[in-house]
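Okay, structure first, notes after.
The values are calculated or read from the model by the stated rules, or taken from the named source; none is laboratory data. Predicted model, so just to flag it, every value in this text is computed and none were measured. Please note: Cβ atoms are built from the backbone with ideal geometry, for glycine as well, and neighbour counts cover all protein chains shown. Accessible surface areas use protein heavy atoms only, side chains included; no ligands, DNA or RNA. Shrake-Rupley method; radii C 1.70, N 1.55, O 1.52, S 1.80 Å.
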Amino acid sequence: MKFPESFVWGAATASYQIEGAVDEDGRGPSIWDTFSRTPGNVAMGHTGDVACDHYHRYRSDVRLMRELGLKAYRFSVAWPRIQADGTGPANPKGLAFYDRLVDALLEAEISPYVTLYHWDLPQALEDRGGWPLRDTAYRFADYAVAVHDRLGDRVEHWTTLNEPWVSAFLGYGNGVHAPGRKDADDAERAAHHLLLAHGLAAGRLRELGARSLMLVVNSAPVLTPAQVNDPASVPGEADAAAVDRIHALLTRRFLDPVLRGRYPDEIRHEARDGDLEIISTPIDLVGINYYNPCVVQAAPGEPADLAWPGSEGIRFAAADAPTTAMGWPIVPDGLSRLLVRLSRDYPEVGFMVTENGAAFDDVVDGGRVHDDDRIAYLAEHLREVGHAIEAGADVRGYLVWSLLDNFEWAFGYDERFGLVHVDYATQARTPKDSALWYRDVIAGNGP
Ligand code: IFM
């Protein structure tokens with residue numbers, strides 16, 4: 001299978017998951033520092049204090065990326081490194097780290113894809129009210145400008161937010177993520193302010209000359225249990241309505257305001273006059289993070305899930321499919337179904353798979369990690385990306401989650417998503433068999 005010549009191959013990470021160095025060079029505390037240090041929030045009390053020590057090892061990590069032949073590297077900037085308390089003048093040492101990283105990437109001929117927010121809100125902004133407070137959106141836009149002022153001469157690809165659904169509904173809805181608050185109304189306010197933050201930042205970056213702007217969402221095809229293995233299965237009326245509602249709550253809640261300037265009818269929101277014009281500032285790409293489908297069925301009387309305000313009468317169901325170490329069902333053609341649908345629904349924008357990958361119980365054996373299960377997972381999903389392109393979807397690239405094993409949020413370090421194994425005691429990096437396989441895929445422009 002050959003991909004278009006311009007297809008972008010790469011891998012992704014995020015600041016809190018790999019950097020460590022949480023007290024260095026003027027970095028302030030983030031909500032994930034506070035959350036992970038609170039007993040009971042993260043498996044085994046793990047924190048991002050050291051993580052993969054990428055802050056100190058970025059040069060050798062970039063060398064590794066070059067050896068794997070990556071063409072693109074998606075990383076996030078830690079807001080509290082740039083503004084310790086989320087406001088005011090930028091911290092030169094924080095900016096200097098990303099400056100050095102970008103230069104090292106460009107020297108290795110790897111395109112930097114910068115994400116401005118991958119969940120590490122400065123704790124000081126949370127103390128003032130966090131994302132449910134409208135002002136946080138304006139603080140984000142100022143921070144985005146500060147980063148662009150320093151890196152904009154070399155970085156072409158800018159992402160405002162990673163997975164705003166997760167920030168809002170796991171952070172403020174069911175509280176499984178930082179800051180760990182549990183209030184459905186706050187979660188909905190957070191979702192709107194994240195969109196406002198996206199639009200404000202996109203507008204200002206565009207004025208400053210940013211060439212490629214992207215919003216990254218965690219999206220999934222919403223399916224009935226029968227549709228998981230039989231795409232042709234036709235759901236009854238109640239199940240079809242459940243599917244449509246969850247699709248609106250997960251995906252249309254973000255993409256309709258951004259790409260069409262309006263919220264779907266299903267969404268409760270407190271948009272003020274003018275907000276939707278800001279939110280619908282034109283962007284170039286939508287990033288899709290895909291891991292598994294969302295499986296639902298109608299269940300009259302079922303209360304709304306804490307993370308899904310508006311989901312009353314709907315039950316989340318298991319998929320009949322093999323699973324990864326996270327227990328997530330493996331449904332590769334879910335990716336092509338999703339890309340084809342979104343590309344049809346939103347023809348005004350291009351798409352990129354900005355995360356796809358899997359955790360498995362990897363073992364280092366004689367200096368190798370034989371992760372055939374991950375190779376199979378990636379190969380099957382890549383084939384589905386190819387099928388989506390053949391079916392007319394405008395998909396510009398594919399980034400594996402993740403370059404390195406890293407801090408998997410509430411699961412700590414036990415879940416390993418990396419192409420490269422990290423021994424957390426020694427920080428030794430061992431490219432897994434999947435990394436070597438991916439190197440060959442990139443070299444051959446297809447699996
Ligand atoms: O590790 C996360 C990442 O930070 C965001 N998307 C999903 C990944 C796997 O859970």
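Summary of computed values
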{"read-out": "Enumeration of residues in region 338-350 that are open to solvent by less than 30 Å² (accessible area, probe 1.4 Å) and either part of a loop (DSSP other than H, G, I, E, B) or of a type in the set (D, E, K, R) (or both)", "value": "346, 349"}
{"read-out": "Condition broken by residue 413, with the remaining ones in (1) touching an Asp or Glu at 6+ places or on another chain (Cβ under 6 Å); (2) within 16 Å of the ligand (Cβ to nearest atom) satisfied", "value": "(1)"}
{"read-out": "Of residues in region 381-392 being open to solvent by less than 10 Å² (accessible area, probe 1.4 Å) and in contact with a Ser or Thr (Cβ under 8 Å, 6 or more places away or on another chain), the one farthest from the ligand (Cβ to nearest atom)", "value": "388"}
{"read-out": "Unmet criterion (only one of (1) assigned to a helix (DSSP H, G or I); (2) surrounded by fewer than 24 Cβ atoms within 10 Å (Cβ to Cβ)) for residue 362", "value": "(1)"}
{"read-out": "When residues of region 403-439 are limited to those that are within 22 Å of residue 37 (Cα to Cα) and of a type in the set (Gly, Ala, Ser), the one most open to solvent (accessible area, probe 1.4 Å)", "value": "425"}
{"read-out": "Every residue from region 340-390 that is among the aromatic types (Phe, Trp, Tyr) and within 22 Å of residue 431 (Cα to Cα)", "value": "360, 377"}
{"read-out": "Count - residues of region 22-48 that are closer than 30 Å to residue 378 by Cβ and part of a loop (DSSP other than H, G, I, E, B)", "value": "4"}
{"read-out": "Selection within region 277-303 - out of contact with any strand residue (DSSP E or B) (no Cβ under 8 Å at 6 or more places or on another chain) and aliphatic (A, V, I, L, M)", "value": "278, 279"}
{"read-out": "Residue 353 open to solvent by less than 10 Å² (accessible area, probe 1.4 Å), β-branched (Val, Ile, Thr), farther than 26 Å from residue 55 by Cβ and within 16 Å of the ligand (Cβ to nearest atom)", "value": "yes"}
{"read-out": "Residue, farthest from residue 441 (Cα to Cα), within region 367-380, restricted to residues that are open to solvent by 80 Å² or more (accessible area, probe 1.4 Å) and not in a helix (DSSP H, G or I)", "value": "368"}
{"read-out": "Cβ-Cβ under 7 Å pairs, at least 6 apart or on other chains, region 358-384 side of a type in the set (Phe, Trp, Tyr), far side open to solvent by less than 80 Å² (accessible area, probe 1.4 Å) and in a helix (DSSP H, G or I)", "value": "360/373; 360/374"}
{"read-out": "Residue check for residue 335: open to solvent by less than 10 Å² (accessible area, probe 1.4 Å), of a type in the set (A, V, I, L, M) and within 18 Å of residue 294 (Cα to Cα)", "value": "yes"}
{"read-out": "Search result, residues across region 278-305 that are of a type outside the set (Val, Ile, Thr), in contact with a helix residue (DSSP H, G or I) (Cβ under 7 Å, 6 or more places away or on another chain) and closer than 30 Å to residue 357 by Cβ", "value": "290, 292, 293, 294, 297"}
{"read-out": "Odd one out for residue 88, checked against (1) on the phi > 0 side of the Ramachandran plot; (2) crowded, with 18+ Cβ neighbours inside 10 Å", "value": "(2)"}
{"read-out": "Those residues of region 416-447 which are within 13 Å of the ligand (Cβ to nearest atom) and among the aliphatic types (A, V, I, L, M), in sequence order", "value": "none"}
{"read-out": "Pairs where the first residue, in region 75-92, is under 18 Å from residue 105 (Cβ atoms) and the second is in a loop (DSSP other than H, G, I, E, B), C-beta under 7 Å, 6+ apart", "value": "75/13; 76/14; 76/118; 78/19; 78/27; 78/120; 81/27; 81/91"}
{"read-out": "Pairs with Cβ under 6 Å, 6+ apart, first in region 134-159 and buried (at least 19 other Cβ atoms within 10 Å of the Cβ), second aromatic (Phe, Trp, Tyr)", "value": "143/79; 157/113"}
